[in-house]
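Everything on this sheet refers to the single structure shown next.
The values are calculated or read from the model by the stated rules, or taken from the named source; none is laboratory data. Since this is a predicted model, take the numbers as computed values, not measurements. Methodologically, a virtual Cβ is constructed for each residue, glycine included, from the backbone with ideal geometry; neighbour enumeration extends over all protein chains shown. These area figures cover heavy atoms from the full protein model, side chains too; ligands, DNA and RNA do not enter into them. Shrake-Rupley method; radii C 1.70, N 1.55, O 1.52, S 1.80 Å.
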Amino acid sequence: MDKLEIEEKTLKQNSLLIPVAVALGTLLAIIAYTYLPNNTALITIFAGAIIVALITYAFLKEH
């Protein structure tokens, strides 16, 4: 099995982007629960997380 090597630049980018993503996701969840019924908001948040994960996977697979 090949050794997983993470470039320093990628590590720095992820260190900065992960907290931003968490904060943005929290704000979007608060907004969703404010304006949508609870079940709809929950489904919307999960669907958004799945879509973002798929887009991220496809982007990283290209590189």
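A few notes on this one:
- Hits in segment 6-63 - residues which are hydroxyl-bearing (Ser, Thr, Tyr) and open to solvent by 80 Å² or more (accessible area, probe 1.4 Å): Tyr33, Thr34, Tyr35, Tyr57
- Scanning segment 9-61 for residues that are of a type in the set (S, T, N, Q) and free of Cβ contacts under 8 Å to residues at least 12 places away in the same chain returns Thr10, Gln13, Asn14, Ser15, Thr26, Thr34, Asn38, Asn39, Thr40, Thr56.
- All positions within segment 7-41 that are more than 26 Å from Phe59 (Cβ to Cβ) and part of a helix (DSSP H, G or I): Ile30, Tyr33, Thr34, Tyr35, Asn38, Asn39, Thr40, Ala41
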